[in-house]
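Peer 1: I am attaching a structure below and will ask some questions about it afterwards.
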Amino acid sequence: MTIVSEITREIVRLPILLLLAISISASLAVVPAVAYELVVPSDLDGDLIVSDQELEEAQGSFDDGDITEEEMEEIEHIHDNYPRTVVDTEGREVVFYKPVERIITREPDTCRIVIALGDGDRIVASEQAVKSCLCPTNFGVFDQGCLECYNSIIDRNLPDLPETSTRYDIYYELMASLDPDVIITSSVTNVQDFESKIGCPVVVAGGDGWIYSRDDGLYGQIEAIGDVLDREDEAEDLIGFIESEINMIRSVTDGMSDDEKPKVYFAPRGAKLGFYDPKEGRDFTRTFTEYDPLDIAGGKNVAKGAEGYEINVAVEQIIAWNPDYIFVACSTPEDAEVINWIMESSDLQSIAAVQTGNVYNCFYPHCRGRPPDRSLLNMVYMAKVLYPEEFKDVDFEGEGNKIFEAFLGVDGVFTEYADYLVWPREYLNSQ
């Protein structure tokens, strides 16, 4: 679990100016040294701490009308709560001397949690894919999908949000020019470069969007980011919301015996390229040996117990497993066409799911990460497909909108998403 603690007042004074290293390589341009200046309000002696005496002097300035009530409240908050040490998910101790105001997130998953905890307006930049992955849209075009969401979140700044990296490149000079108070990343990779070239604190908030635990899971990621943002209460509220969605499903499926549960094959990478994609090494024959939303929904994952986590299997193995249901992830309207391909494939005709027509699309659980909102959608949707009578009173569109709003702060996103993908709207209309 992430911990937040006050550090002692006898802290060794840190330099205010941190010179960034100059990185020169054959493939990268020179990144100039940049001075990261940390200024703590009302810290008069430069030790980065607001002492009792400095607080009294700030109170005097407020009484004289030299500072505003809002500024005085910030100084009091810093005096009472800072410096503080955040222990990130890698066990690294990161010291903060004042609340963060300018945030760079390194990927959609960490960006989404910052927004969910109420500080989306403090995000000054992020990775390229956030523009398509937060509010699902068609990548790089932004003329289809959840456009109302896209134009609303992050104080309506998402379309113009600076992109500090792509899947392959990181723009260190741009990051430094944005003067961030913290860089939040889900991986320890590149942390040393961020610290040396940018100079601001770097926090690793790792976690898997469909593992509902604190150790290596979604809850640990939420807690770590909540600690950085001084949003511990909001982090617990978000975890509580996720738990309430899970409990809604588990209240039914936990009472079922294994014999009652159908066998399910899950294709989380879709099937638009057929049985196997030689470029990415994945497609219909790539599956998960563990996917918590499917387990919670009451499906028996046929790959459970196989060696590995995300694995490629032979078509013959899928036939041998003989699943009762097949779920195929879908990220664009065109991807839904694979259902007909599976149903008509001569190689798959002996499978029970194909014979009974129990082959369904589901939500794509990736987007330059593992978005927790879409896996929660899968959990509710899979439960309704597998047990239509038991979950007939669950309003899937209502739940979907609640889930997206919890993470993005915008209502009606699932309604947009269902219309964009088409197949969820068709499913909803059939209920």
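Peer 1: State which residue pairs qualify: first residue over 21 Å from Ile153 (Cα atoms) and inside the range 406-431, second residue buried (at least 18 other Cβ atoms within 10 Å of the Cβ) and among the basic types (Lys, Arg) in any location, beta carbons under 9 Å apart, and separation of 6 or more residues or different chains.
Peer 2: From the range 406-431, the pairs are Tyr427/Lys384; Gln431/Lys384.
One line per residue, one yes/no per condition, for (1) surrounded by 21 or more Cβ atoms within 10 Å (Cβ to Cβ); (2) touching an Asp or Glu at 6+ places or on another chain (Cβ under 8 Å); (3) at pLDDT below 95:
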| position | (1), (2), (3) |
| --- | --- |
| Ser345 | no, no, no |
| Arg370 | no, yes, no |
| Leu386 | yes, no, no |
| Asp393 | no, no, no |
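Peer 1: Restricting to the range 183-212, name every residue that is assigned to a strand (DSSP E or B) and either in contact with a helix residue (DSSP H, G or I) (Cβ under 6 Å, 6 or more places away or on another chain) or surrounded by fewer than 18 Cβ atoms within 10 Å (Cβ to Cβ) (or both). Write out each step before concluding.
Peer 2: Taking the range 183-212 as the starting set, the residues that turn out to be assigned to a strand (DSSP E or B) are 183-185, 202-204, 208.
Within the range 183-212, Ile183, Ile184, Val202, Val203 qualify.
Peer 1: Consider the range 86-97. How many of its residues are in contact (Cβ under 8 Å) with a residue 60 or more places away in the chain and either surrounded by fewer than 22 Cβ atoms within 10 Å (Cβ to Cβ) or not acidic (Asp, Glu) (or both)? Before the answer, list the steps.
Peer 2: To start, the set of residues in the range 86-97 that are in contact (Cβ under 8 Å) with a residue 60 or more places away in the chain comprises 86-90, 92, 94-96.
Add one more test, that the residue is either surrounded by fewer than 22 Cβ atoms within 10 Å (Cβ to Cβ) or not acidic (Asp, Glu) (or both), and what stays is 86-87, 89-90, 92, 94-96.
Total satisfying the criteria: 8.
Peer 1: I would also like to ask the following. Of the conditions (1) buried (at least 22 other Cβ atoms within 10 Å of the Cβ); (2) over 29 Å from Ile246 (Cα atoms); (3) polar (S, T, N, Q), Gln221 fails just one. Which one is it?
Peer 2: Every listed condition holds for Gln221 apart from (2).
Peer 1: Here's a follow-up. Of the residues that sit in the range 321-342 and are assigned to a helix (DSSP H, G or I) and not acidic (Asp, Glu), which one is surrounded by the most Cβ atoms within 10 Å (Cβ to Cβ)?
Peer 2: Of everything passing the filter in the range 321-342, Val338 is surrounded by the most Cβ atoms within 10 Å (Cβ to Cβ).
Peer 1: Among what's in the range 383-426 and is assigned to a loop (DSSP other than H, G, I, E, B) and among the hydrophobic types (A, V, I, L, M, F, W, C), pick the residue that is farthest from Pro262 (Cα to Cα).
Peer 2: Val410
Peer 1: Are any residues in the range 45-79 of a type outside the set (Asp, Glu), within 26 Å of Ala176 (Cα to Cα) and not in a helix (DSSP H, G or I), and if so, which ones?
Peer 2: Hits for the range 45-79 are Gly46, Leu48, Ile49.
Peer 1: Let me ask another. Select from the range 362-379 the residues that are in contact with a Phe, Trp or Tyr (Cβ under 6 Å, 6 or more places away or on another chain) and either in a helix (DSSP H, G or I) or aromatic (Phe, Trp, Tyr) (or both) and list them in ascending order.
Peer 2: Answer for the range 362-379, where residues must be in contact with a Phe, Trp or Tyr (Cβ under 6 Å, 6 or more places away or on another chain) and either in a helix (DSSP H, G or I) or aromatic (Phe, Trp, Tyr) (or both): Asp373, Arg374, Ser375, Leu377, Asn378.
The values are calculated or read from the model by the stated rules, or taken from the named source; none is laboratory data. This is a predicted model, so every value here is computed, not measured. Counting neighbours? That spans all protein chains shown, and the Cβs are built from the backbone with ideal geometry, glycine included.
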